[in-house]
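Visitor: Submitted below is the structure of interest, expressed as structure tokens.
The values are calculated or read from the model by the stated rules, or taken from the named source; none is laboratory data. Quick caveat: nothing in here was measured; it's all calculated off a predicted structure. For neighbour counting, all protein chains shown are included, and Cβ atoms are generated from backbone atoms with ideal geometry for every residue, glycine included. To get the accessible areas, we keep the full protein, side chains included, count just its heavy atoms, and leave off ligands, DNA and RNA. Shrake-Rupley method; radii C 1.70, N 1.55, O 1.52, S 1.80 Å.
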Amino acid sequence: MPHALEGVSVIDLTHHIAGPYCTKLLADYGAEVIKVERPDGGDPARRMGPFFHNDPHPEKSGLFLHLNTNKRSITLNLKTALGKGILKDLAREADILVENFHPRVMPRLGLDYPALEQINPRLVMTSISNFGHTGPYRDYKMSEITAYAMGGVMHGTGMPDKEPIKLALTVEQFYSGNVAASATLGAFIGAQVHGIGQQLDLAIMEMQTGNQDRGIASLMTYQYSGEPSHQRRREFSRSILPTGVYPCADGYVQFAGGPLSRWGRFCHMIDRPDLANDAHFTTPENFFASPEVKQEVETMLYAWLFQHTKQEVMEKGQEYGYLTGAINTMEDVFNDSHLAAREFFVEIDHPFTGPLQYPGANFKMSETPWRAGRAPLLGEHNREVYCDRLGFSPEDLVRMREQGVI
Amino acid sequence: MTTMKLPLEGIRVIDMTIVWAGPFATVLLGDMGAELIRVDSLQHPDVNTRGQPIVPPAQISGGGGLQYPNRDPGPRPWNRNTQFNQTGRHKKSFTVDLQRPKGREIFFRLVRQSDIFLENNAADVVENLDITYEVLSKVNPHLIMMSLPAFGGTGPYRHFKAVGANMEAVVGHTWLRTYPDSDPTSTTPVFLADACGGASAAFAVLAALQYRIKTGRGQHIDMSQSENVMHCLSQAVMDYSMNGRVQGTMGNRDPARAPQGVYPCAGEDSWVTISCGNDEEFRALCAAIGQPSLVVDPRFADSVSRYRNQDVLDPIISGWTRDKVHYDIFHTLQKAEVTAGPVLKVSEVFHDPHLLDRGFWETISHPEAGTHVNPGPIIELTKTPLHIRAAPPLLGQHNEYVYKEVLGYSDQEYQQLAAQDFIGDTYVVARTQQATPASP
């Protein structure tokens with residue numbers, strides 16, 4: 001079966017996380033992505049953990065292997081005249097170019113959008129940067145934690161008696177790459193249908209601020225009411241019903257709410273159907289406002305929770321209309337029956353690691369499948385791209401290597 | 001001069017999305033120029049998005065009141081609810097009752113006139129309404145239909161209901177983001193899955209659109225929001241896959257950057273983040289905080305030692321930040337080429353000089369909710385700049401346009417459909433019921 005983005009050609013000048021996740025999505029759904037890496041070590045993500053068997057080797061970074069599936073890799077030194085010329089040759093034939101350099105880099109190389117537009121007016125050039133290509137912070141640095149901090153929702157993440165806390169790992173950079181992928185494809189469709197190539201100036205700070213994880217909600221609620229809607233606090237419920245994270249027999253479980261009409265269901269869930277119509281709990285002043293009654297309910301709830309596993313609590317909660325979720329570790333995730341039934345994890349082979357389980361399709365398309373090709377070795381496709389496509393001879397490749405071009 | 005078309009101009013999307021993830025997907029499509037037709041129903045209010053048609057007083061005095069301008073739901077609360085209006089821009093609202101045969105006929109007409117149908121309801125909703133892809137693809141074989149329920153359209157959890165917080169628990173995010181000295185009961189519910197689900201859904205329908213441009217063929221897309229968001233946990237997923245290692249939380253730390261943390265500043269609940277990625281940044285930080293000798297202290301002399309001894313370093317840094325303004329620290333350190341950023345409060349984000357300079361904020365006037373500053377499109381296109389072109393729609397605001405111009409109903413048919421309560425601007429329940437206090 002064909003892939004959705006078959007025939008779409010992408011020049012990938014990205015590194016680290018946000019840019020490569022954007023081009024991974026394009027590659028996984030069929031685009032031909034040529035990843036251009038610097039000859040001295042390639043994408044810095046090759047030096048980021050985790051590593052296969054804890055061996056810090058440039059072909060064994062799990063992060064890199066995951067972010068660069070289905071791409072081709074060439075090495076190219078963009079600071080050399082030949083390197084710039086080759087990049088222009090590639091851009092001439094490409095549909096999309098994605099880069100996440102600092103805003104000063106592409107202009108300094110003579111490879112900014114005005115230069116590339118001259119040789120390919122249909123080109124869509126996606127530029128992802130920390131703060132965007134304009135504005136007073138343009139030259140400032142950013143990392144995962146500072147990005148999250150400046151977007152406005154970190155202040156509301158965590159407990160009131162502690163400092164604000166970031167989310168796990170580098171998830172905001174993934175999110176930024178995710179938005180960049182949809183924006184790139186939108187602009188590409190515009191370029192095809194209306195004949196307008198253009199540059200996208202995507203600022204991680206703006207993507208953070210207009211984020212759907214509480215960002216837009218907080219901003220608009222503040223506009224509407226003058227009060228912040230998401231503050232650091234223990235989760236609270238407007239009623240005696242459970243909300244938040246609770247311990248259970250073998251771990252923890254999340255209750256993310258449920259309609260207020262669920263008292264009867266709650267009683268059935270915790271095996272106390274006898275309380276379903278007990279006025280002590282159902283009169284509005286006790287149901288909504290009594291801390292003592294809430295305490296009584298929590299005591300019964302804990303007694304029930306400690307007799308059940310997180311999986312049992314999740315399943316029984318769902319059965320009775322609660323938005324429950326077991327708080328799983330990665331081991332639990334890899335052993336989860338639902339993910340197994342959906343065959344989410346896929347095995348991908350690689351010369352340096354052998355076959356490994358990877359996260360599979362972000363979404364499943366009925367006509368055009370996701371694909372599971374491995375990440376490239378550094379410069380693996382030099383010969384294919386330089387000789388077969390651009391017409392250099394094998395001897396030229398040797399000279400280019402010696403001159404530090406590739 | 002001719003005006004250039006926005007990238008997705010001419011693409012029509014049927015929007016049957018709720019809460020956050022689906023609406024965010026259609027925000028992205030609408031910002032880029034797609035026409036969005038939202039399916040509302042006078043008989044079946046979308047309480048998850050437009051709120052209760054009649055708002056109980058207890059809800060207004062509690063947190064729910066924040067959703068309405070000045071805590072006043074007004075006579076038509078569904079038009080004033082920020083839960084809907086935050087992602088309502090560019091959407092056109094038309095009303096129809098899909099549970100009546102005539103309503104299905106109307107909806108099918110719209111399906112024939114549309115390119116994309118996007119919905120993120122619980123998996124059984126489209127089945128119960130009998131508007132699955134199997135049914136709709138017979139109505140319009142070119143249709144692209146996307147569903148993004150919490151756990152996908154197949155598998156044992158397919159009917160599980162979830163928002164970001166509990167789906168992220170199941171796929172491992174919650175476990176990885178606790179305070180290191182605490183347990184998961186000290187977590188805030190977060191909704192990364194909605195943000196990423198929306199972005200991936202927009203990407204997915206555009207990928208399908210690209211395929212349709214080439215081949216004319218439509219298709220169905222099934223996305224599990226929880227699977228999609230798991231990609232963001234790459235390092236933990238791959239560590240388990242490669243090494244069998246079960247990662248725990250790192251709190252505000254990062255294995256590749258030390259020191260890194262959140263430090264207290266002058267003022268009420270004010271904080272700054274500082275994050276050193278290499279020796280040069282650490283040297284610059286030490287100079288900036290007036291402690292140049294730290295650089296030669298063996299506990300901090302190299303990145304591995306610094307990572308091990310962050311607990312010693314943190315109070316030294318806090319001692320310097322504590323009496324300073326977070327923005328001042330930010331500029332001082334950034335000018336010294338140290339990565340830092342203030343933990344901005346929502347109230348502060350609106351005044352941030354950079355976002356103001358970039359023109360990020362846009363003011364929208366809404367006929368029933370008033371005039372407010374909104375975050376503008378997060379996608380910046382240089383030739384066809386994206387701006388907010390239309391306010392969130394009132395319930396049924398675009399009935400005339402959709403029924404007459406898109407679907408071709410006559411004035412007379414329109415009047416009949418209005419009399420049969422397909423078309424209107426007020427929920428049936430709000431017309432017939434008096435406000436009563438909620439009871440469990």
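Visitor: Restricting the first residue to segment B:39-61 and requiring it to be without any contact (Cβ under 8 Å) to a residue 40 or more places away in the chain, which pairs with a second residue that is in a loop (DSSP other than H, G, I, E, B) meet a Cβ separation below 7 Å and a spacing of at least six or different chains?
Guide: B:Asp46/B:Ile18; B:Asn48/B:Ile18; B:Asn48/B:Val19; B:Thr49/B:Ile18; B:Thr49/B:Val19; B:Gly51/B:Asn81; B:Ile60/B:Pro73
Visitor: Oh, and also: How many residues does segment A:106-134 contain that are over 21 Å from the mean Cα position of the chain (by Cα) and open to solvent by 20 Å² or more (accessible area, probe 1.4 Å)? Working first, answer last.
Guide: Step one: list which residues in segment A:106-134 are over 21 Å from the mean Cα position of the chain (by Cα), which gives A:106-124, A:133-134.
Among the residues that remain, those that are also open to solvent by 20 Å² or more (accessible area, probe 1.4 Å) are: A:107-110, A:112, A:114-115, A:117-119, A:121-122, A:133-134.
Count: 14.
Visitor: Here's something else I'd like to know. Residue check: is B:Thr332 of a type in the set (S, T, N, Q) and either surrounded by fewer than 18 Cβ atoms within 10 Å (Cβ to Cβ) or more than 10 Å from every other protein chain (Cβ to nearest Cβ) (or both)?
Guide: Working: of a type in the set (S, T, N, Q): yes; either surrounded by fewer than 18 Cβ atoms within 10 Å (Cβ to Cβ) or more than 10 Å from every other protein chain (Cβ to nearest Cβ) (or both): yes.
Taking the combined requirement at face value, the residue satisfies it.
Visitor: Examine segment A:14-22 for a residue that is over 19 Å from the mean Cα position of the chain (by Cα) and surrounded by fewer than 23 Cβ atoms within 10 Å (Cβ to Cβ), and state whether such a residue exists.
Guide: Pass one, segment A:14-22, residues over 19 Å from the mean Cα position of the chain (by Cα): none.
No, segment A:14-22 contains no residue that is over 19 Å from the mean Cα position of the chain (by Cα) and surrounded by fewer than 23 Cβ atoms within 10 Å (Cβ to Cβ).
Visitor: For residues in segment A:198-231 being within 7 Å of another protein chain (Cβ to nearest Cβ) and closer than 24 Å to A:Tyr322 by Cα, which is surrounded by the fewest Cβ atoms within 10 Å (Cβ to Cβ)?
Guide: A:Ser229
Visitor: Of the numbered conditions (1) more than 8 Å from chain A (Cβ to nearest Cβ); (2) within 29 Å of B:Arg158 (Cα to Cα), B:Arg308 satisfies every one except a single condition; which is it?
Guide: Answer for B:Arg308: the failing condition is (2).
Visitor: Take the residues in segment A:1-13 that are of a type in the set (A, V, I, L, M, F, W, C) and within 21 Å of the chain's Cα centre (by Cα), then tell me which one is farthest from A:Val385 (Cα to Cα).
Guide: Looking only at segment A:1-13, we keep the residues that are of a type in the set (A, V, I, L, M, F, W, C), and these are A:1, A:4-5, A:8, A:10-11, A:13.
Still in the running and within 21 Å of the chain's Cα centre (by Cα): A:4-5, A:10-11, A:13.
Working: A:Ala4: 23, A:Leu5: 20, A:Val10: 13, A:Ile11: 12, A:Leu13: 15 Å.
Result: A:Ala4.
Visitor: Take residues that are in the same structural domain as A:Gly62 (by TED's automatic domain parsing) and tell me which of the strands (runs of 3 or more DSSP E) falling wholly in segment A:288-406 contain 3 or more. It would help to see each step written out before you state the result.
Guide: Numbers: elements: A:324-326, A:345-348, A:356-359.
Because the criterion is at least 3 residues that are in the same structural domain as A:Gly62 (by TED's automatic domain parsing), the strands (runs of 3 or more DSSP E) in segment A:288-406 that meet it are A:345-348, A:356-359.
Visitor: How many residues, within segment B:167-183, are modelled with pLDDT under 95 and not in a loop (DSSP other than H, G, I, E, B)?
Guide: Count: 0.
Visitor: Related question: Of all residues in segment B:321-380, which are farther than 25 Å from B:Met32 by Cβ and of a type in the set (Phe, Trp, Tyr)?
Guide: Once the filter is applied, which keeps residues that are farther than 25 Å from B:Met32 by Cβ and of a type in the set (Phe, Trp, Tyr), segment B:321-380 yields B:Tyr327, B:Phe330.
Visitor: Shifting gears a bit: Is it the case that B:Thr185 is more than 7 Å from every other protein chain (Cβ to nearest Cβ) and among the hydroxyl-bearing types (Ser, Thr, Tyr)?
Guide: no
Visitor: Could you list, in sequence order, all residues of segment B:210-241 that are at the interface with chain A (Cβ under 7 Å from one of its Cβ atoms), surrounded by 22 or more Cβ atoms within 10 Å (Cβ to Cβ), aliphatic (A, V, I, L, M) and not in a loop (DSSP other than H, G, I, E, B)?
Guide: Listed by number, the residues that qualify are B:Ile221, B:Met230, B:Leu233, B:Ala236, B:Val237, B:Met238.
Visitor: Specify which of the listed residues (B:Gly10, B:Gly33, B:Gly22) is under 22 Å from A:Thr184 (Cβ atoms), within 15 Å of the chain's Cα centre (by Cα) and either open to solvent by 30 Å² or more (accessible area, probe 1.4 Å) or in contact (Cβ under 8 Å) with a residue 12 or more places away in the chain (or both). If you could, list the steps in order and put the result at the bottom.
Guide: Numbers: B:Gly10 fails: within 15 Å of the chain's Cα centre (by Cα); B:Gly33 fails: within 15 Å of the chain's Cα centre (by Cα).
Step by step, each of B:Gly10, B:Gly33, B:Gly22 is checked, and only B:Gly22 is under 22 Å from A:Thr184 (Cβ atoms), within 15 Å of the chain's Cα centre (by Cα) and either open to solvent by 30 Å² or more (accessible area, probe 1.4 Å) or in contact (Cβ under 8 Å) with a residue 12 or more places away in the chain (or both).
Visitor: Do the conditions hold for A:Val193, that is, is it among the β-branched types (Val, Ile, Thr) and crowded, with 24+ Cβ neighbours inside 10 Å? Can you show your working first?
Guide: Details: among the β-branched types (Val, Ile, Thr): yes; crowded, with 24+ Cβ neighbours inside 10 Å: no.
Criteria not met by A:Val193.
Visitor: Residues in segment A:239-264 that are surrounded by fewer than 18 Cβ atoms within 10 Å (Cβ to Cβ) and charged (D, E, K, R): how many? Give the derivation first.
Guide: The first filter runs over segment A:239-264 and keeps only residues surrounded by fewer than 18 Cβ atoms within 10 Å (Cβ to Cβ), leaving A:247, A:249-250, A:259, A:261, A:264.
Filter once more, keeping what is charged (D, E, K, R): A:250.
Adding up the residues that qualify gives 1.
To keep it simple, each residue is scored yes or no on (1) buried (at least 24 other Cβ atoms within 10 Å of the Cβ); (2) at pLDDT 95 or above.
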position: B:Val27; (1), (2): yes, yes
position: B:Arg38; (1), (2): yes, yes
position: B:Ser41; (1), (2): no, yes
position: B:Leu66; (1), (2): no, no
position: B:Lys92; (1), (2): no, yes
position: B:Ile131; (1), (2): no, yes
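Visitor: Here is a check on your reading of the model: is B:Ala369 open to solvent by less than 10 Å² (accessible area, probe 1.4 Å), modelled with pLDDT of 95 or more and not aromatic (Phe, Trp, Tyr)?
Guide: Numbers: open to solvent by less than 10 Å² (accessible area, probe 1.4 Å): yes; modelled with pLDDT of 95 or more: yes; not aromatic (Phe, Trp, Tyr): yes.
When the stated conditions are applied, B:Ala369 passes them.
Every residue, every condition in (1) of a type in the set (Gly, Ala, Ser); (2) buried (at least 18 other Cβ atoms within 10 Å of the Cβ); (3) within 12 Å of chain B (Cβ to nearest Cβ), yes or no:
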site: A:Glu331; (1), (2), (3): no, no, yes
site: A:Ala340; (1), (2), (3): yes, no, yes
site: A:Ile348; (1), (2), (3): no, yes, yes
site: A:Gln357; (1), (2), (3): no, no, yes
site: A:Lys364; (1), (2), (3): no, yes, yes
site: A:Trp370; (1), (2), (3): no, yes, yes
site: A:Val385; (1), (2), (3): no, yes, no
site: A:Ser393; (1), (2), (3): yes, no, no
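Visitor: Only one residue in B:Arg299, B:Arg283 is closer than 26 Å to A:Pro136 by Cβ, open to solvent by 10 Å² or more (accessible area, probe 1.4 Å) and either out of contact with any strand residue (DSSP E or B) (no Cβ under 7 Å at 6 or more places or on another chain) or more than 12 Å from chain A (Cβ to nearest Cβ) (or both). Which one? Break it down stepwise before answering.
Guide: Numbers: B:Arg299 fails: closer than 26 Å to A:Pro136 by Cβ.
Result: B:Arg283 is the single residue among B:Arg299, B:Arg283 that is closer than 26 Å to A:Pro136 by Cβ, open to solvent by 10 Å² or more (accessible area, probe 1.4 Å) and either out of contact with any strand residue (DSSP E or B) (no Cβ under 7 Å at 6 or more places or on another chain) or more than 12 Å from chain A (Cβ to nearest Cβ) (or both).
Visitor: Of the numbered conditions (1) surrounded by 24 or more Cβ atoms within 10 Å (Cβ to Cβ); (2) at the interface with chain B (Cβ under 7 Å from one of its Cβ atoms); (3) within 20 Å of the chain's Cα centre (by Cα); (4) touching a residue at least 24 places away in the same chain (Cβ under 8 Å), A:Gly158 satisfies every one except a single condition; which is it?
Guide: (3)
Visitor: Could you please find all residues in segment A:86-104 being open to solvent by 30 Å² or more (accessible area, probe 1.4 Å) and out of contact with any Ser or Thr (no Cβ under 9 Å at 6 or more places or on another chain)?
Guide: A:Lys88, A:Asp89, A:Arg92, A:Arg104
Visitor: Could I ask something else about it? What are the residues in segment B:242-277 that are of a type in the set (D, E, K, R) and either open to solvent by less than 10 Å² (accessible area, probe 1.4 Å) or in a loop (DSSP other than H, G, I, E, B) (or both), if any?
Guide: At the first step, the residues of segment B:242-277 found to be of a type in the set (D, E, K, R) are B:245, B:253-254, B:257, B:268-269.
Passing the criteria: B:Arg245, B:Arg253, B:Glu268, B:Asp269.
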